[in-house]
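So the structure is just underneath, and the comments pick up after that.
The values are calculated or read from the model by the stated rules, or taken from the named source; none is laboratory data. Values in this document were obtained by computation on a predicted structure and should not be read as measured data. Cβ sites come from the backbone with ideal geometry, for glycine too, and all protein chains shown count toward neighbours. Each accessible area value is taken on the protein alone, full model and side chains, heavy atoms only, with ligands, DNA and RNA left out. Shrake-Rupley method; radii C 1.70, N 1.55, O 1.52, S 1.80 Å.
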Amino acid sequence: FRKRPTNSAAMCWLCVAEPPLPNQITLCPVLMVCTISLPASAMRAIRNTIGEQEGRHGGELRFAVEASLPLHRLWQGQSARSRAVELFAQLRIWDTEHNNGVLIYLLLADKRVEIIADRGINGKVGGADWETICREMQRAFADGRFEKGVNSGIVAISDLLAMHYPPADGHSNEL
């Protein structure tokens, strides 16, 4: 992997695999990038939206996208939800001071979106709110508007985070 700094205010790194492999994901401090799933311009727009929105609240956002589940995961019968939970744990999104990390997981093959919220924010936001955001994103995906769907979801989640975790002086990116 080669790391390339971005110009995002969130100071994230865009990790690029050389050469890209099918279903490969790479890790970044603010988001995960599947090098074969969305155009680079869409990934930049999503990264920028995350950077802008994280300035509105004291929560933490991560985005993960995969073109499809890895073959061995399909054979095991893994669902998009369980894959999202697995990535939430692997990325240590739960490891924030206020337990307010949120993962948006997009599985392109199934046009599925899963939102995994840590216990702090999940205790303040009802399941119906998360489901509404997922449905709105999936509606955009069904129309082929992936970038718009993701960015709208990021803003909606940020609205909830801002309501319960306003930005604090000296807040740093914990992820």
Checking the conditions here, which among Arg47, Arg62 is part of a strand (DSSP E or B), touching a residue at least 12 places away in the same chain (Cβ under 8 Å) and not polar (S, T, N, Q)? Arg62
Answer yes or no: is there a residue in the range 158-170 that is touching a Lys or Arg at 6+ places or on another chain (Cβ under 6 Å), open to solvent by less than 50 Å² (accessible area, probe 1.4 Å) and not aliphatic (A, V, I, L, M). yes
Just a yes or no: is a residue in the range 144-152 open to solvent by less than 30 Å² (accessible area, probe 1.4 Å), among the hydroxyl-bearing types (Ser, Thr, Tyr) and within 19 Å of Met43 (Cα to Cα)? no
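Table: residues versus (1) at positive phi; (2) touching a Leu at 6+ places or on another chain (Cβ under 6 Å); (3) among the β-branched types (Val, Ile, Thr); (4) exposed (fewer than 14 other Cβ atoms within 10 Å of the Cβ).
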{"site": "Ala117", "(1), (2), (3), (4)": "no, no, no, no"}
{"site": "Asn122", "(1), (2), (3), (4)": "no, no, no, no"}
{"site": "Ala128", "(1), (2), (3), (4)": "no, no, no, yes"}
{"site": "Ile133", "(1), (2), (3), (4)": "no, no, yes, no"}
{"site": "Glu136", "(1), (2), (3), (4)": "no, no, no, no"}
Would you please list the contacts, defined by Cβ atoms under 7 Å and residues six or more apart or on different chains, that run from a residue in the range 71-99 that is touching a residue at least 24 places away in the same chain (Cβ under 8 Å) to a residue that is buried (at least 17 other Cβ atoms within 10 Å of the Cβ) and of a type in the set (Val, Ile, Thr)? Ala84/Ile116; Val85/Ile116; Phe88/Ile116
Could you go through the range 28-50 and let me know if any residue there is at pLDDT below 50, closer than 29 Å to Pro167 by Cβ, touching a strand residue (DSSP E or B) at 6+ places or on another chain (Cβ under 7 Å) and open to solvent by 20 Å² or more (accessible area, probe 1.4 Å). yes
Helices (runs of 4 or more DSSP H) wholly inside the range 65-175 containing at least 1 residues that are modelled with pLDDT under 95 and within 17 Å of the chain's Cα centre (by Cα): 80-90, 119-122, 127-142, 146-164
Exactly one condition in (1) open to solvent by less than 70 Å² (accessible area, probe 1.4 Å); (2) over 23 Å from Gly51 (Cα atoms); (3) of a type outside the set (A, V, I, L, M, F, W, C) is not met by Asp110; state its number. (1)
Residues located in the range 74-83, provided they are over 18 Å from Ile115 (Cβ atoms) and open to solvent by less than 50 Å² (accessible area, probe 1.4 Å): none
